Amino acid sequence: MKAIRAAESLLTLSQQDELVDLPNYPLSASEDEGDNDRERKHEKLLEAINSLDGKNSFRYKLAERSEASLKVSEFNVSSEGSGEKLVLADLLEPVKTSSSLTTVKKQLKRVKSKKTLELPLNKEEVEQIHREVAFNKTSQTLSKWDPIVLKNRQAEQLVFPLEKEQSAFVPIEHVFSSWKARTPLEHEIFNLLHKNKQPVTDPLLTPMEQASLKAMSLEEAKMRRAELQRARALQSYYEARARREKKIKSKKYHKIVKKGKAKKALKEFEQLRKVNPTAALEELEKIEKARMMERMSLKHQNSGKWAKSKAIMAKYDLEARQAMQEQLAKNKELTQKLQVVSESEEEGGAEDEETLVPDVVNEVQMDANGPNPWMLRSCNSDSKEDENQVDSEQLPEPVAQEFSESEEDERPMAEEETLLKEFEERRALRKRSELKQDAEPMGRQETKDSSSQEVLSEVRALAQRLNKGNLQSRKRRVTSAGTVLQVQTEESAPEEEEPILLQRPERVQTLEELEELSKEECSQKRELPRSMLQREWTERNPNNQPDAPKGKKKKEQMINLQNLLTTKTPSVKSLEVPTIEELEDEEERVQKQMIKEAFAGDDVIKDFLKEKREAVEANKPKDVDLTLPGWGEWGGLGLKPSAKKRRRFLIKAPEGPPRKDKNLPNVIINEKRNIHAAAHQVRVLPYPFTHYQQFERTIQTPIGSTWNTQRAFQKLTTPKVVTKPGHIIKPIKAEDVGYRSSSRSDISIVQSNQKQLSGHHKKQLKKRSIE
Amino acid sequence: MKVKMLSRNPDNYVRETKLDLQRVPRNYDPTLHPFEVPREYVRALNATKLERVFAKPFLASLDGHRDGVNCLAKHPKSLATVLSGACDGEVRIWNLTKRKCIRTIQAHEGFVRGICTRFCGTSFFTVGDDKTVKQWKMDGPGCGEEEEPLHTILGKTVYTGIDHHWKDPAFATCGQQVDIWDEQRTNPICSMTWGYDSISSVKFNPIETFLLGSCASDRNIVLYDMRQATPLKKVILDMRTNTICWNPMEAFIFTAANEDYNLYTFDMRALDTPLMVHMDHVSAVLDVDYSPTGKEFVSASFDKSIRIFPIDRSRSREVYHTKRMQHVICVKWTSDSKYIMCGSDEMNIRLWKANASEKLGVLTSREKAAKDYNQKLKEKFQYHPHIKRIARHRHLPKSIYSQIQEQRIMKEARRRKELNRRKHSKPGSVPIVSEKKKHVVAVVK
């Protein structure tokens, strides 16, 4: 510190020296005292010399003027009297010693070193500067809008008004506090809620619920989870197994499974009967109900779509035949009347045990091997023509039962085939009966049908051709059947009266039906008397039971027949008349001929080629012939310029570029510019695009909903500016875009500025007045 | 046997309500639709034609004034209310939905030079030739009361225009100088002047509300900063600017309606070159107003027509005129951006649709979708010659049409002359001046 002090003092000393040195010309009186006389004299001499100059006199004048104020002012320090100017150094003389005033000295030094102030600028310049500063400031504040403006200009869509209506989020407690229950229902609800201590705030759980949530311990939870897992695993295992089993294709397997199931069911049923007869009765009722359902719906009577398709295939497909058979069996099973059981229930236990169970079993068997004369016959007929006669003989004879049984055991599939054949025959038969066995009308109808059948698919046609071979024989068979029918109709009359004749009930009934069929279509009506009859018959001769199912089967078949008839008749009819096909062929040929004749002159391909050749020729650049006939040689009628000359003056046209359709034989591409199309084309690339491909791409992307999904369509067609009708759009605000707007209002700023300005003005005015 | 079946989910074809459209499954594979472009082109053509067919912009004429309508003002809070001042000193307040005058005030003697509403919509100000500024209540006087202004300020000079601040209780008038007034005082809180010519209009910036623009008859446009109480910059154009209007969405953009038939859009930070010169009018442009969306503006001209310009186009997209409409003095775009009002010499205020072919009223969603689609189609195919021609076609009165032709010839002659001069003088001595720069004489700092 001492060192610093010393340095400072030294500095001040040197400064003082300088101060002393500076105004060397008019020295102060106080300093004079210390100097010698010689110096004073010298000075006076110098003054005298100086006074010779004009300028100095002026200076003196100035000095004189300052003499006006003689009095000592407390504000000013005057050096009057001495005729010398007061110098700063004079004032600092007493300060020299005191070191405490160093700061003041420093300041003084700084003041001394400054230059004089420049003149103030004139008003215009000042204002301009003000304006420039203000402008820069303003443009800076405006520049903050640049990003927003840019964003809005480039925005895909602007929705006005810009400010979003802020939906007020009110906490639910507030709503509740303000809301009060008024209606009794509301009161009730509130009471309930209060009773349960239902909280209204966020975790909407009652204490009870919370407790229950907490209640489950970890172990318990684990156990439960394990249980669940096990259950799930088991389920998936069973599912997988079921799926696997379902996938097994083996029919045998399925048969076995089915049989097993049936056996099991039977066993169960028997057990049930022993243990709990009422339950068994219920079961029986169920079966009865199923039967009723079946009878009503005829679900398994080969009348469905599937069955019909199978019937078509049955002739060629063994499986299909079997399937049909199975279905029929099922039907049979279902429609089996269980009257016996009910009777037996009434009568006693032992008997019906015998009757019931074997009944079902037997019937199925019987059904399969049923002594069906029709089947027999058809089976034989199918084999060969020569058996036809045997057929006709066999038909009325029921004796053939045993034989047929034995046969069918050997080949069960053949039976189905016979079945189908039967259908067809019956159809034919029915037709006959309808037409009163008239050959001529039938023929007519057939021709009609054939004409209507022109649209038949080729497959069917093929089938027809295949069947043609059999036709003849069948016809014969049909005729024989017709005769038989006649005989039977004669027989049918006593049938109803005498139950004894009901040994072959199936045939009688079918004949009846045939007659009925021609009269009425309703099958249900028919069924009623039939069933009644049957009941009668079963009551009369219960010994004849094995025959009964057969009769039923016949009926079913008849129903079947009817169903099939509705759709199949046309094809069958056409089958029977081979001549019609030939006719058709002829017609086709004629048709073709006619078409050929009608378009005899038209050779389209040739025409096209010709056209193309012409087009090519027309588009080729032409040679220019400049020969002048008669120039340099004889000219006139019939004279031609020489070949040499022609060659010389012929200007050959240059080869054009190869045609675009050169390698496309079936196309003519017109290479001329189409004026009509040009009117619709854009000629110059429009402004924002820089390359024609860009433009083309924008044109080629469709925006309509025809080519775009709904979402894409909406996106593509969003309008650029959306305004809501009836909404006032206010100018954009800083708050809207997230800027902080100036909190002070403009007017308050103006007023404060105004005050400052006015203060400034006043000062200025004062200054002026002082001056 | 595995059976495969065709199955359809009803969700794909069953509509939820019977008001919905039937769902039609479509295959959008572009290879199946080879004629997309021609089909869309035809649709665009039809849309353009329909637009022209349905272009009926004129909605109503509000008559009642007994002299030319000199100024218009929008109500800031009500879309249906409009104020107008006439040349006989009468101010009328109109209800647009009823298309009726709901109030009439004899406000001034001589012209009503300017009218403006307060931002809250409770009162409005008028200035007139009688050197007064009057403040009026928006609601009419009660029964038995006389129609009297809330305040009246007597000035020393004539005021030629007035505009109200957008947020604060202050307004600005112009005449000899631009005065900014506090509503509570009878003396202006500051007055700004630059030059000595009369100022014809003053407008507050709606976004940066301390900014003002004015235009004077010595051909200049002056910008002021109200807070610093100083002018900012001045640009001198070829001819006098009648009025300016600030863009309500872009703080630094304004458009000036000039006597030389053009409008100039400026960025106020760079006044030496206008951003865009909008030319289509054939006579002095008297008024201009921006659409509240800031995308377009409407201009009224002495040539008896009003035109709508997009801000980034130099040519107008629409021209409205009727046989009876005379020189249009003032124009306003309503604040829902759907309608345009114009007041003209022959004492009528006319109401137009801003979009000539727009369907008024509530649109169903299907109508809306069709409208949007058609709009996009028109945009997409706007460069195709046929569509362009149809979309551009407007009927014009013969006078305007012939004047356009005449001016085209004049312009061509001037261009040719300049070319010739350039051709026959020293290279570089006749510089090429762009159209934008041609009209700006000077920018004064």
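The values are calculated or read from the model by the stated rules, or taken from the named source; none is laboratory data. Keep in mind the model is a prediction, meaning the values are calculated, not measured. No Cβ is skipped: glycine too gets one built from the backbone with ideal geometry, and neighbour counts run over all protein chains shown. Heavy atoms of the whole protein, side chains included, go into the accessibility calculation; ligands, DNA and RNA do not. Shrake-Rupley method; radii C 1.70, N 1.55, O 1.52, S 1.80 Å.
Looking at the stretch A:596-616, is at least one residue modelled with pLDDT under 85 and touching a Ser or Thr at 6+ places or on another chain (Cβ under 6 Å)?
no
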Taking only pairs six or more apart or across chains, which ones have beta-carbon atoms under 8 Å, a first residue in the stretch B:414-428 that is part of a helix (DSSP H, G or I), and a second residue that is open to solvent by less than 100 Å² (accessible area, probe 1.4 Å)? B:418/B:430; B:421/B:430; B:422/B:430
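Yes/no matrix, rows are residues, columns are (1) of a type outside the set (D, E, K, R); (2) within 14 Å of another protein chain (Cβ to nearest Cβ):
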position: B:296; (1), (2): no, yes
position: B:302; (1), (2): yes, no
position: B:313; (1), (2): no, yes
position: B:318; (1), (2): no, no
If we ask which residues in the stretch B:213-224 are among the hydroxyl-bearing types (Ser, Thr, Tyr) and open to solvent by less than 10 Å² (accessible area, probe 1.4 Å), their number turns out to be 2
So which residues in the stretch A:295-321 are within 20 Å of residue A:255 (Cα to Cα) and open to solvent by 90 Å² or more (accessible area, probe 1.4 Å), if there are any at all? A:319
For residue B:12: the one exception among (1) away from chain A (no Cβ under 14 Å); (2) at negative phi: (1)
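Among the residues of the stretch B:82-125, write down those that are assigned to a loop (DSSP other than H, G, I, E, B) and among the basic types (Lys, Arg).
B:98, B:99, B:118, listed by residue number.
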May I ask you to say which residue of A:295, A:230, A:273, A:291 is among the basic types (Lys, Arg) and not assigned by the TED database to the domain that holds residue A:322? A:230
Checking residue A:316 against (1) without any contact (Cβ under 8 Å) to a residue 40 or more places away in the chain; (2) outside any loop (DSSP other than H, G, I, E, B), which single condition isn't satisfied? (2)
Could you pull out the residue among B:351, B:377, B:363 that is within 11 Å of chain A (Cβ to nearest Cβ) and either exposed (fewer than 10 other Cβ atoms within 10 Å of the Cβ) or modelled with pLDDT of 95 or more (or both)? B:377
If you go through the stretch B:294-316 one residue at a time, do you hit one that is outside any loop (DSSP other than H, G, I, E, B) and surrounded by fewer than 20 Cβ atoms within 10 Å (Cβ to Cβ)? yes
Among helices (runs of 4 or more DSSP H) completely within the stretch A:160-224, the ones holding 1 or more residues that are open to solvent by less than 100 Å² (accessible area, probe 1.4 Å) and at pLDDT below 70 are A:172-178
Mind listing whichever residues of the stretch B:1-27 are hydroxyl-bearing (Ser, Thr, Tyr) and either in contact with a helix residue (DSSP H, G or I) (Cβ under 9 Å, 6 or more places away or on another chain) or loosely packed, with under 10 Cβ neighbours inside 10 Å (or both)? B:7, B:17
Filter pass, residue B:79 being in a loop (DSSP other than H, G, I, E, B) and more than 27 Å from residue B:131 (Cβ to Cβ): yes
Matching residues, the stretch B:225-249, being under 13 Å from residue B:209 (Cα atoms), charged (D, E, K, R) and open to solvent by 10 Å² or more (accessible area, probe 1.4 Å): B:227
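Check B:102, B:115 and return the single one that is modelled with pLDDT of 95 or more and under 27 Å from the mean Cα position of the chain (by Cα).
Values: B:102 fails: modelled with pLDDT of 95 or more.
The conditions single out B:115.
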Take the conditions more than 11 Å from chain A (Cβ to nearest Cβ), out of contact with any Asp or Glu (no Cβ under 9 Å at 6 or more places or on another chain) and either more than 23 Å from residue B:236 (Cα to Cα) or without any contact (Cβ under 8 Å) to a residue 40 or more places away in the chain (or both) and apply them to residue B:272. Does it pass? no
Restricted to the stretch B:38-62 and to residues being open to solvent by 80 Å² or more (accessible area, probe 1.4 Å) and more than 11 Å from chain A (Cβ to nearest Cβ), the residue nearest to the chain's Cα centre (by Cα) is B:58
Note: among A:739, A:687, just one is at pLDDT below 90, out of contact with any Gly (no Cβ under 8 Å at 6 or more places or on another chain) and open to solvent by 80 Å² or more (accessible area, probe 1.4 Å), namely A:687
